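Asker: Pasting in a structure now, in structure tokens, and then I'll have a few things to ask.
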Amino acid sequence: MSLSPAPLFTPFKLKNLTLPNRIVMAPMTRSKSPGQIPGEDVAAYYARRAEGGVGLIITEGVAPDHPVALNDHNVPNFHGDALDGWAKVLKAVKAQGGLIMPQLWHTGLMRKPGSGPNPHMTGVGPSGLAKPGKKVAEPMSTADIDAVIAGYATSARHAEELGFDGVEIHGAHGYLIDQFFWEGTNERPDAFGGDMIKRTKFAVEVIKGIRAAVSKSFPCSCAGRSGSNKTMPSNSPPRPKRSKNSWNHWLPPASIASTARHAAFGSRSSRTRT
Ligand SMILES: Cc1cc2nc3c(=O)[nH]c(=O)nc-3n(C[C@H](O)[C@H](O)[C@H](O)COP(=O)(O)O)c2cc1C
């Protein structure tokens with residue numbers, strides 16, 4: 001059997017999104033944005049990737065509008081003063097004919113106490129567990145959950161207003177959304193906990209919040225787990241026993257290239273379409 005790379009160089013179309021090819025740059029944390037503001041060097045970095053011809057750039061993980069999203073002072077925000085920097089990134093990428101989506105990333109309780117911006121504030125997680133059996137905070141209240149969901153929606157709206165090509169949410173690697181997915185870090189007795197389907201409610205509500213904040217055609221993808229990840233810290237919660245591709249069963253993919261990222265388009269209705 002011959003495996004031809006030719007399909008990689010054919011356009012990919014999903015509703016209003018058309019990629020010139022099926023090569024998608026994976027999100028990679030850079031820690032090059034002091035004060036959470038992306039500078040000229042960040043614009044030049046992404047513009048070089050667009051110049052190289054990648055079909056779509058998913059940015060490094062960036063903070064949605066929530067004060068304890070980050071665990072690193074040099075990771076950029078996607079709200080407030082950082083938006084001017086992102087406008088410059090976008091302009092530089094567009095000048096090269098590129099497409100780009102920010103990846104919204106909330107570290108949850110992977111954020112060690114005292115780390116990142118707002119070090120005096122306590123991090124948030126579904127059950128206050130940094131890993132199974134290790135309680136470091138109180139479980140998130142409903143108000144806490146609402147605030148995070150609103151922060152994702154606000155940043156997604158900024159992305160559309162600035163002219164980005166979509167938005168991705170980071171749903172993997174033991175960070176906040178994944179902490180809701182995993183039974184070891186989600187012991188909630190309410191609607192956000194329970195069996196695997198119930199543990200997806202937080203992600204679903206984040207996507208619904210985004211869908212309500214952006215136009216119908218604005219793409220929203222969700223990054224799922226991709227199996228073992230040796231880059232993650234040792235306190236990363238254990239992998240579930242299910243197949244590494246178990247995500248695929250409950251967030252049906254509209255595949256964008258080979259990155260196992262799932263495009264979640266939908267309407268403003270309460271139904272989340274994936
Ligand atoms: C230095 C580095 C930083 C990364 N940062 C992110 C990130 O911000 N968001 C994310 O979803 N994945 C991140 N990843 C994971 C990569 O996007 C990618 O999924 C991983 O390297 C596995 O690649 P593969 O899926 O092609 O096997 C990072 C990986 C590396 C090596």
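The values are calculated or read from the model by the stated rules, or taken from the named source; none is laboratory data. Just so you know, these numbers come straight off a predicted model, no measurement behind them. Please note that ligands, DNA and RNA were not included when accessible areas were found on the heavy atoms of the full protein model with its side chains. Shrake-Rupley method; radii C 1.70, N 1.55, O 1.52, S 1.80 Å.
Asker: Report, in whole Å, the centroid distance computed from the Cα atoms of the stretch 140-191 and the stretch 45-104.
Answerer: If you average the Cα positions of each part, the centres end up 18 Å apart.
Asker: Now, a different point. So for Glu161, Glu168, what's the accessible-area order with a 1.4 Å probe, most first?
Answerer: On the way: Glu161 130, Glu168 0 Å².
Correct descending sequence by accessible area is Glu161, Glu168.
Asker: Also: Once amide H atoms are placed 1.01 Å from N in the peptide plane, what residues at a sequence separation of 5 or more from Ile57, or on another chain, have their amide H within under 5 Å of its amide H?
Answerer: Met25, Leu99, Ile100, Met101
Asker: Given contacts defined as C-alpha pairs under 8 Å and at least six residues apart, what's the relative contact order of the stretch 6-257, whole-number percent?
Answerer: Relative contact order, the stretch 6-257: 17 percent.
Asker: Right, next: For the stretch 106-120, in order, what is each residue's ³J(HN,Hα) by Karplus, 6.51 cos²θ - 1.76 cosθ + 1.60 with θ = phi - 60°, in whole Hz (x at glycine and Pro)?
Answerer: Along the stretch 106-120, the couplings run 10, 7, x, 8, 6, 6, 6, x, x, 9, x, x, 6, x, 6 Hz.
Asker: Please list, short to long, the whole-number percent of alpha-carbon pairs of the stretch 65-177 in consecutive 10 angstrom bins beginning at zero.
Answerer: Reading the bins upward from 0: 14, 42, 30, 12, 2.
Asker: Can you compute 3J(HN,Hα) from phi for each residue in the stretch 13-27, using the Karplus curve 6.51 cos²θ - 1.76 cosθ + 1.60 with θ = phi - 60°, rounded to whole Hz and x for Gly and Pro?
Answerer: Those phi angles translate into 10, 9, 6, 7, 9, 10, 9, x, 8, 9, 9, 10, 6, 6, x Hz.
Asker: Give the percent of DSSP beta bridges with both residues in the stretch 6-257 that are antiparallel, rounded to the nearest 5.
Answerer: Details: 5 of 18 bridges.
Antiparallel: roughly 30 percent of the beta bridges in the stretch 6-257.
Asker: For Val136, what accessible surface area do you get with a 1.4 Å probe? Give it in Å², rounded to 10.
Answerer: Using a 1.4 Å probe on the heavy atoms, I get roughly 60 Å².
Asker: Could you state how much accessible area Leu17 has, in square angstrom rounded to the nearest 10, with a 1.4 Å probe and all protein chains kept in place?
Answerer: Leu17 exposes around 10 Å² with every protein chain in place.
Asker: For the cross-link pairs Lys13/Lys91; Lys112/Lys208; Lys135/Lys208; Lys32/Lys134; Lys32/Lys131, which exceed 25 Å when the distance is taken from alpha carbon to alpha carbon?
Answerer: Values: Lys13/Lys91 23 Å; Lys112/Lys208 29 Å; Lys135/Lys208 29 Å; Lys32/Lys134 31 Å; Lys32/Lys131 28 Å.
Table pairs above 25 Å Cα-Cα are Lys112/Lys208; Lys135/Lys208; Lys32/Lys134; Lys32/Lys131.
Asker: Okay, moving on. Contact order normalised by length for the stretch 127-168, with contacts defined as Cα pairs under 8 Å and 6 or more residues apart; what percent is it? Before the final figure, lay out the partial values.
Answerer: On the way: 21 pairs, mean separation 8.9, N = 42.
Across the stretch 127-168, relative contact order equals 21 percent.
Asker: Moving on to the next point. In terms of solvent-accessible area of protein heavy atoms at a 1.4 angstrom probe, what is the ranking of Lys216, Lys32, Lys94, highest value first?
Answerer: Numbers: Lys216 140, Lys32 105, Lys94 80 Å².
Ranked list, largest accessible area first: Lys216, Lys32, Lys94.
Asker: Out of the total accessible area of the stretch 6-257 (probe 1.4 Å, heavy atoms of protein only), what percent is carbon and sulfur? It would help to have the intermediate numbers written out before the result.
Answerer: Numbers: 5840 of 10680 Å².
Here it works out to 55 percent.
Asker: Leaving out ligands and nucleic acids, and using a 1.4 Å probe, what accessible area per residue does the stretch 112-191 come to in Å²? Write out the running numbers ahead of the final one.
Answerer: On the way: 3210 Å² over 80 residues.
That works out to 40 Å² for each residue.
Asker: Can I ask one more? Long-range amide H contacts for Arg188: which residues qualify at under 5 Å (H placed 1.01 Å from N, peptide plane, sequence gap of 5 or more or a different chain)?
Answerer: Excluding prolines and chain starts, which carry no amide H, the hits are Gly194.
Asker: While we're here: Read phi for every residue in the stretch 167-172 and hand back ³J(HN,Hα) as whole Hz from Karplus 6.51 cos²θ - 1.76 cosθ + 1.60, θ = phi - 60°, with x for Gly and Pro.
Answerer: So the Karplus estimates, Gly and Pro as x, are 9, 10, 10, 7, x, 10 Hz.
Asker: Give the long-range amide H neighbours of Phe78: residues separated by 5 or more places, or on another chain, with amide H under 5 Å away, using H modelled in the peptide plane at 1.01 Å from N.
Answerer: Amide H neighbours of Phe78, under 5 Å, 5+ apart: Ala63.
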